[in-house]
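S.K.: I am attaching a structure below and will ask some questions about it afterwards.
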Amino acid sequence: MGRHSDTRTSAGVEDGVGLTALMVAAARAIETHRPDWLAQDAYAEHFVRAAHASHRWPVHPSEVQGGEANPLWGRLGRYFGLRTRVLDDHLLDAVHAGARQVVLLGAGLDTRAYRLAWPPGLGVYEIDHAEVLAFKQHVLDELGATPATTRTPIAADLCGNWATALVAAGFDPTAPTAWLAEGVFLYLPSTAEHRLIETVDRLSAPGSSLAYEVKLVRERLEVRDSPVYTSTREQIGVDLLALFDGDPRPDSAHHLTTKSWTTTTRTPFDFTTHHGRGPRPEPNDALAANRWIFATTPTHTAPATSGRG
């Protein structure tokens, strides 16, 4: 696609949190073309080129001014590439361990339904605002893309009653599910995050999993002046700090453990070390507070006790 799409088609991703979906798509496109890539997404650059707001953004390392030293497309972009790889691996591990359906909460411009090698019979549900899903579908239809498994887009707001729409679309609460909230909780009010965790728990059969990203603390002033934040504002007009929700964050990982989930908390730098590439810690680091949470339910429901001594 050499031209950007009709602005009516791309309206849902032209500002606010929707624009961050294009930013992540551009990072995935750049990652795809790196010689030492961690993740591949052949569709990502087409989303970037199709939207008026982003059609001049870089989609190849050769187009990045300053190369890897660029705080946005170098460091933060590499972070998104690493995150994509880690969550790709997590989902594939989950379905090979028995999950029969995948739910992408705040799916944005995620193309995992198209680009990953899913086992037969798996269903992928994508929940996001109608405008975002319509833009994505428009671009994918123009490319003639075909999903690699059954894909069901669901237009719903994660701050609303999305669970009803999910079940109505064919989701089976009795089947093990791999849930993913990639980059979602950063923008949700704390009450919405709590409700979402409660809903995921309620709809999760034994053997289900959930992966999500959080920031542990609100950054100090020195961190808020990080080149990652300032360069993102200056280069593409996205003020991440203004988009992040300012509420004190709930301890959702602990909350899940009270409901018999097992949780593991990792830093992005753990995976940089594992893969041998990706962002590394630096002073006043905008990525230092980021944590990736991986949670699983017990494989089997514990038997009920009679209550007799």
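The values are calculated or read from the model by the stated rules, or taken from the named source; none is laboratory data. Remember, it's a predicted structure, so these values are computed and weren't measured experimentally. Positions of Cβ are backbone-derived with ideal geometry, glycine not excepted, and every protein chain shown enters the neighbour counts.
S.K.: Go through (1) farther than 20 Å from E126 by Cβ; (2) touching a residue at least 40 places away in the same chain (Cβ under 8 Å); (3) crowded, with 21+ Cβ neighbours inside 10 Å one by one and return the number of the condition R28 breaks.
M.R.: (1)
S.K.: Taking the condition of being part of a strand (DSSP E or B) and of a type in the set (F, W, Y), how many residues in region 165-195 meet it?
M.R.: 1
S.K.: Sticking with this structure for a sec: Could you please let me know if Y212 is surrounded by fewer than 18 Cβ atoms within 10 Å (Cβ to Cβ), in contact with a helix residue (DSSP H, G or I) (Cβ under 8 Å, 6 or more places away or on another chain) and within 22 Å of T267 (Cβ to Cβ)?
M.R.: For Y212, the condition - surrounded by fewer than 18 Cβ atoms within 10 Å (Cβ to Cβ), in contact with a helix residue (DSSP H, G or I) (Cβ under 8 Å, 6 or more places away or on another chain) and within 22 Å of T267 (Cβ to Cβ) - is not met.
Listed here are the residues, each with its yes/no results for (1) farther than 28 Å from H90 by Cα; (2) at pLDDT 95 or above; (3) touching a helix residue (DSSP H, G or I) at 6+ places or on another chain (Cβ under 6 Å); (4) surrounded by 15 or more Cβ atoms within 10 Å (Cβ to Cβ).
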{"site": "W37", "(1), (2), (3), (4)": "no, yes, yes, yes"}
{"site": "D41", "(1), (2), (3), (4)": "no, yes, yes, yes"}
{"site": "E45", "(1), (2), (3), (4)": "no, yes, yes, yes"}
{"site": "A50", "(1), (2), (3), (4)": "yes, yes, yes, yes"}
{"site": "S54", "(1), (2), (3), (4)": "yes, yes, yes, yes"}
{"site": "H60", "(1), (2), (3), (4)": "no, yes, yes, no"}
{"site": "V64", "(1), (2), (3), (4)": "yes, yes, yes, yes"}
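S.K.: Continuing with this model, one more query. Can you confirm whether G123 is closer than 21 Å to L186 by Cα, buried (at least 20 other Cβ atoms within 10 Å of the Cβ) and out of contact with any Pro (no Cβ under 8 Å at 6 or more places or on another chain)?
M.R.: When the stated conditions are applied, G123 does not pass them.
S.K.: With S260, S231, S226 as the choices, which residue is exposed (fewer than 15 other Cβ atoms within 10 Å of the Cβ) and either in contact (Cβ under 8 Å) with a residue 24 or more places away in the chain or closer than 17 Å to F185 by Cβ (or both)?
M.R.: S260
S.K.: Does G18 count as touching a Phe, Trp or Tyr at 6+ places or on another chain (Cβ under 9 Å), within 24 Å of V139 (Cα to Cα) and either modelled with pLDDT of 95 or more or of a type outside the set (A, V, I, L, M, F, W, C) (or both)?
M.R.: Yes: the conditions hold for G18.
Each row is one residue, and each column tells you yes or no for (1) surrounded by fewer than 18 Cβ atoms within 10 Å (Cβ to Cβ); (2) modelled with pLDDT of 95 or more; (3) not charged (D, E, K, R).
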| site | (1), (2), (3) |
| --- | --- |
| W57 | no, yes, yes |
| Q101 | no, yes, yes |
| A117 | yes, yes, yes |
| V139 | no, yes, yes |
| E142 | yes, yes, no |
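S.K.: Please go through (1) out of contact with any strand residue (DSSP E or B) (no Cβ under 9 Å at 6 or more places or on another chain); (2) under 15 Å from T111 (Cα atoms) for A134 and return the number of the only condition it doesn't satisfy.
M.R.: Only one criterion in (1) out of contact with any strand residue (DSSP E or B) (no Cβ under 9 Å at 6 or more places or on another chain); (2) under 15 Å from T111 (Cα atoms) is unmet by A134, namely (1).
S.K.: Still on this structure, I have one more. Quickly run through region 109-167 and pick out the residues that are among the charged types (D, E, K, R) and more than 18 Å from W179 (Cβ to Cβ).
M.R.: Within region 109-167, R115, E131, K136, D141, E142 qualify.
S.K.: Another question, then. Tally the residues that are farther than 19 Å from A27 by Cα and of a type in the set (V, I, T), restricting the search to region 95-144.
M.R.: Going through region 95-144 one residue at a time, the tally reaches 5.
S.K.: Could you give every pair whose Cβ atoms fall below 6 Å, whose first residue belongs to region 144-159 and is outside any loop (DSSP other than H, G, I, E, B), and whose second residue is of a type in the set (D, E, K, R), counting only separations of at least 6 or pairs across chains?
M.R.: P153/E126
S.K.: For region 151-182, name all the residues that are loosely packed, with under 15 Cβ neighbours inside 10 Å and either closer than 12 Å to T111 by Cβ or not hydrophobic (A, V, I, L, M, F, W, C) (or both).
M.R.: Answer for region 151-182, where residues must be loosely packed, with under 15 Cβ neighbours inside 10 Å and either closer than 12 Å to T111 by Cβ or not hydrophobic (A, V, I, L, M, F, W, C) (or both): D157, G160, N161, T164, G170, D172, P173, T174.
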